[in-house]
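The values are calculated or read from the model by the stated rules, or taken from the named source; none is laboratory data. Nothing here was measured: the structure is a model prediction, and the numbers come from that model. Backbone-built Cβ (ideal geometry, glycine too); neighbour counts: all protein chains shown. Surface areas here come from the heavy atoms of the whole protein model, side chains and all, with no ligands, DNA or RNA. Shrake-Rupley method; radii C 1.70, N 1.55, O 1.52, S 1.80 Å.
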Amino acid sequence: MKIGDIELKGKVVLGPMAGVTTLAYREFMKPFGVALSYSEMISDCGIVYGNDRTYEYLKTSEVDRPVGLQLFGFSIENTIKAIDIVEKEAQYDILDINLGCPVYKVVKTGAGSAWLKRPQELYEYMSAVVAHSHKPVTAKIRLGWDDESINFEEVVALLEKAGVAAITIHARTSKAGYSGTADYEKLAGLRDKMSVPLIISGDIFTPEQAKKAIDITHADMVMVARGGLGNPYLVTQINEYLEKGVLLPSPDVLKQVDYAEDFANRLIALKGEHIAIQELKGLLPHFFSGFPGYKKVRMEIAMNMKSEKDMRGLLNGIRRRATL
């Protein structure tokens, strides 16, 4: 499949997650079969105002590609200024615009899913973005603002008219946030009515859910976000199941320790020990979810891991425990 002139190999897109999809995480996930990765959501204002932390989000590498940088904003003037800077400062393949984030601090500015309440303005905004960007432009949306204003069909048509190269839809409304379950049925057969690739998002936690989402919507690809956190092999499992109908067994604890250590090494190399360990306290426990008797291990990582040495000790302790 292609998005613009960018060729993608595989059926899984790595979704943007604030505080998670750093360059280290994207490089870690890529070998599992990720066809396209998206960065953390990047504020166009942060770019324009030269915020150092925001500029960190622009880091990519050859291992990381193809990669999309995801911007959010509420004004075309700011977004166009940000695009000019990003095109000069970053190496990337696709520009994604977030029109689906439900978080209050984003929505209250008129950005993210607040755009879904203003379809005509959204069209004018996205037309200007597409016209200005030298990279293919994609967009991420939701079903609508709430259950009384589900308008994804109108928004998809306007986005296609604006010239976007692909559309991701999270199968919930903005008001739903991440509660309840993703409603693929509302998107039944949608891809058949579209002229650009469709990526389906929401509740992709198993290969079976990925297949169900594609079977119902006829989407080209699925987006894995929370489902892959601490479960990188899910990407491999989804690709294998969609392409060959084979359900690969999930990794054991020993393999998960190896994955966790690989990711931790990459994050420490990127951010330094102090910052990385603070972030890993929240990320590493996910690698040991779903294993009976590991609740205390997850709590130990989250509460008592204060250094790289602590981390190595905890991971080696899990290895010893798993081989008893």
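Miscellaneous remarks
- Going through (1) among the charged types (D, E, K, R); (2) within 16 Å of the chain's Cα centre (by Cα); (3) not in a strand (DSSP E or B) one by one, Lys9 falls short only on (2).
- Of residues in the stretch 198-213 being under 20 Å from Ala157 (Cα atoms) and in contact with a Leu (Cβ under 9 Å, 6 or more places away or on another chain), the one surrounded by the fewest Cβ atoms within 10 Å (Cβ to Cβ): Leu198
- Listed by first and then second residue, the pairs with beta-carbon distance under 7 Å, at least 6 apart or on different chains, first residue in the stretch 123-152 and free of Cβ contacts under 8 Å to residues at least 40 places away in the same chain and on the phi > 0 side of the Ramachandran plot, second surrounded by fewer than 24 Cβ atoms within 10 Å (Cβ to Cβ) and in a helix (DSSP H, G or I), are Gly144/Phe152.
- No other residue among Ile200, Ile214 is part of a strand (DSSP E or B) and modelled with pLDDT of 95 or more apart from Ile200.
- Matching residues in the stretch 245-254 - criterion: being under 18 Å from Asn316 (Cα atoms) and surrounded by 14 or more Cβ atoms within 10 Å (Cβ to Cβ): Pro251, Val253
- Residue check, Leu242 among the aliphatic types (A, V, I, L, M), closer than 24 Å to Ile6 by Cβ, open to solvent by 30 Å² or more (accessible area, probe 1.4 Å) and not in a loop (DSSP other than H, G, I, E, B): yes
- Odd one out for Met1 among (1) open to solvent by 30 Å² or more (accessible area, probe 1.4 Å); (2) over 24 Å from Val235 (Cβ atoms); (3) of a type in the set (A, V, I, L, M): (2)
- Per-region count, the stretch 4-56, residues aromatic (Phe, Trp, Tyr) and either surrounded by fewer than 19 Cβ atoms within 10 Å (Cβ to Cβ) or modelled with pLDDT under 95 (or both): 2
- Residue within the stretch 80-95 that is of a type in the set (S, T, N, Q) and surrounded by 22 or more Cβ atoms within 10 Å (Cβ to Cβ) present: no
- Looking only at the stretch 271-324, and only at residues there that are open to solvent by 50 Å² or more (accessible area, probe 1.4 Å) and small (Gly, Ala, Ser), the one that is nearest to Thr60 (Cα to Cα): Ser289
- Odd one out for Thr79, checked against (1) touching a Gly at 6+ places or on another chain (Cβ under 8 Å); (2) outside any helix (DSSP H, G or I); (3) among the hydroxyl-bearing types (Ser, Thr, Tyr): (2)
- Count of residues meeting criterion [open to solvent by 10 Å² or more (accessible area, probe 1.4 Å) and farther than 14 Å from Val34 by Cβ] in the stretch 59-69: 2
- Taking (1) crowded, with 16+ Cβ neighbours inside 10 Å; (2) on the phi > 0 side of the Ramachandran plot in turn, Gly110 satisfies each apart from (1).
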